[in-house]
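The values are calculated or read from the model by the stated rules, or taken from the named source; none is laboratory data. Note that the structure is predicted; figures quoted are calculated from it, not measured. Cβ atoms come from the backbone with ideal geometry, glycine included; neighbour counts cover every protein chain shown.
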Amino acid sequence: MLIEVLLSGVTLGGMYALVAMGLTLQYGVARIMNLSYGELLIAAAFAAMSFYGGFALNPLLGLLVVPLMAFVLSYAIYRYLMLPLVRRAPTRDALEVDSILATFGLLFVIQGVMLAIFGGAYYSYSYLAVPLKFLGATVAANRLLALVLAVVIGLGLYLGLTRTRLGTAVRAVAVDPVAAQLVAIDVRTASALAFALGGALVAAAGVLVSMFLTFNANLGVVFTLKALVVVIMGGVGNLLGALIAGLILGLVENSVAVFVDPGLTLAATYAIFLLVLLVRPQGLLGRSGR
Amino acid sequence: MYRRMSLLAALAAGLLAAPSLAQDKVKIGYAISKTGPNAGGASITQIPNYEMWVKDVNAKGGLMIGGKRVPVEVIEYDDRSNSEEAVRAVERLVTQDKVDFLFPPWGTGLNLAVGPVFNKYGYPQLTFSAVTDRAPELAKRWPNSFWLLGTSAQYVDALVSVMKKLRDEGKISANVAMISIADGFGIDLSNAARKGFEAAGFKLAYDKSYPIGTQDLSPLLGEAARSGADSFVAFSYPPDTLALTEQAKVASYAPKLMFLGVGVGFPMYPGRFGANAEGIMSLGGWSKDNASTQAYAKKHEEMFKRGPDRWGSQVGYSSLQMLEQAIEKVGKIDRPAIIKELQTGTFDTVLGKVKLVDNQMKDNFWLIGQWQDGFFVGVAPPRAGAANVVVPKPAWKP
């Protein structure tokens, strides 16, 4: 039973982490507080479902195609919608406020397009809903895949950011965009890249989530909120932090559901969130100060 | 300046007086959740019925009023799943758009919220997506309101009597595992069920509620399985209903009796689970031998590329037919007379002949159904055509 709780908690946490990683890049590096984040996730879920239903495109292939599309789309969003804001913002705080307002509008645009195409009804399909035995406990293959991908992407991007030249440049932008310019880093390109990469990540999360969750055009905000909690808890801009925070949340939720009461999972989530904010306001792996 | 003002006033007065003379269209307005958390339910059970009815009526040339056909015109607002927004929109429909009739919003909460507005202006309110135990009391307080989908006690009584019979036949044990969503529907039904099960001698081996938006229900299923209960009852919302089915299948959790909440009757449910839907029970149900509901389902599929919800949809379309027949019988836009006709008249609907008792339906539709051979057939209450419940639920197929 303990193993069952651990396993289901870790897979749920992996999904949370996966959902949050894109936001931590977009918010931490590009400094865009993207409120339309969850809508993009749902759009990716719809895309995966349409490809699967319409062209019999395997969702695993969708996992390659849809994030690529999201990368291009997010790059375009940054280039044409966000860059004017970046140019005119006097400070980073001002940019955050502007980006919140702009992406709040974008939220309704994406949601409106989805409502026009798919209506408000629920959708779902089944893929890889096969049981896997693991130390006597059972887990669904599609949920396990979300966890594996979260760990691979989390560690991969973490290594990419810490071990490569481009990654170092991106981190430098996250820490101090002005000083980064002084050492000949193209801040705008690095930010655009981070934003687009964030878009690709959330699309990957959307494709995976669509395999096991029922969704409709209005569900985006649920994921934005969850991602925000994970991002703040893990430390803004820190992928490893998002991974750890996501796993903690998943484990706590499912242990509380089994050992205490399923009605208290939300309370437990926010209690942990509050605790982290009180003890480490910068997040678990976040750097203090700006 | 003064002259222009008085001219305008005269014009306005003329406009206000004019419509009563020549009714060249019937204006119908509704506010419904096109966005927000209610949109999922509204766009499966309710909006298609409105669109289908309007199309059907206008295809005939309109409503027969005073010996001639008058086409129907629709004004629609999005209440964004927000009760204040719904109240505002309904007020606006009455006072500014001056609609002749209103259709109700989706869900128990919003129907209760707009109830006073419908009542204040004297518009008939035929709700078919609201389940509340206060229905009898509300029908007395607001005689213009009709509560067609029943009360939670009705559903629970029907479910408990089905299960009691199975237990007395020795097919299931007296232990029940119950979970419910911590929201209006789940709270109402689980409260009623707790009383009902206890009174019938059942024991709740597991009884928990979970918050809305829970994304992993496997811990609850695990606990329900460990409780050793033969019956699993969940008062769940559509996303959870689908997740519960899938996660139960993955975990090979196969209780002898499996009852799930809203969504089992949705067209997507058998589409997604195929043969694994077999034996799953839920609210609602269809008659196998009713040609008019079959024709309704076929028309629904042709128009929307998906079937109706096997719980509320047919009740919904019937309510619109009742309103239509009441208007035509009265023969003019006389809302008090139409309300009176709805209270006392007999109507010909897809469900068959309907006569309301205290503004509610009595035995006109199924409360509990079960998927059997790919058909969500009604099993309770014991009316003509009720199928026998199949237990144990067939094993999950890979």
Only one of (1) over 30 Å from residue B:193 (Cα atoms); (2) modelled with pLDDT under 95 is not met by residue B:135, so which one is it? (1)
Report, by residue number, each residue of the stretch B:40-74 that is crowded, with 17+ Cβ neighbours inside 10 Å, out of contact with any Lys or Arg (no Cβ under 9 Å at 6 or more places or on another chain) and within 13 Å of chain A (Cβ to nearest Cβ). B:40, B:41, B:45, B:46
Quick check, is residue B:224 under 21 Å from residue A:261 (Cα atoms) and in a helix (DSSP H, G or I)? yes
Of the residues A:23, A:61, only one is away from every other protein chain (no Cβ under 14 Å) and in contact (Cβ under 8 Å) with a residue 24 or more places away in the chain; which? A:23
So is residue B:287 among the small types (Gly, Ala, Ser) and within 16 Å of the chain's Cα centre (by Cα) or not? no
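For the stretch A:21-56: of the residues being at pLDDT below 90 and outside any helix (DSSP H, G or I), which is farthest from residue A:170 (Cα to Cα)? It would help to see each step written out before you state the result.
First, the residues of the stretch A:21-56 that are at pLDDT below 90: A:28-31, A:53-56.
Next, only the ones that are outside any helix (DSSP H, G or I) stay: A:29-31, A:56.
Details: A:29: 7, A:30: 9, A:31: 12, A:56: 38 Å.
For the stretch A:21-56, the residue satisfying everything is A:56.
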For residue B:179, state whether it is away from chain A (no Cβ under 14 Å) and outside any helix (DSSP H, G or I). no
Please state which one of B:307, B:279 is at pLDDT 95 or above and either in contact with a Pro (Cβ under 8 Å, 6 or more places away or on another chain) or charged (D, E, K, R) (or both). B:279
Which of the strands (runs of 3 or more DSSP E) found entirely inside the stretch B:17-134 contain at least 3 residues meeting this: closer than 22 Å to residue B:337 by Cβ? B:26-32, B:63-65, B:68-70, B:101-103, B:125-127
With the requirement that a residue be more than 10 Å from chain A (Cβ to nearest Cβ) and either in contact (Cβ under 8 Å) with a residue 40 or more places away in the chain or over 20 Å from residue B:194 (Cα atoms) (or both), what does the stretch B:206-224 give you? B:224
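Residues are listed down the side, and each one gets a yes or a no for (1) surrounded by 18 or more Cβ atoms within 10 Å (Cβ to Cβ); (2) over 23 Å from the mean Cα position of the chain (by Cα):
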{"site": "B:161", "(1), (2)": "no, no"}
{"site": "B:165", "(1), (2)": "no, yes"}
{"site": "B:189", "(1), (2)": "yes, no"}
{"site": "B:195", "(1), (2)": "no, yes"}
{"site": "B:201", "(1), (2)": "no, yes"}
{"site": "B:208", "(1), (2)": "yes, yes"}
Can you pull out every residue in the stretch A:114-141 that is assigned to a helix (DSSP H, G or I), surrounded by 14 or more Cβ atoms within 10 Å (Cβ to Cβ) and more than 9 Å from every other protein chain (Cβ to nearest Cβ)? A:114, A:118
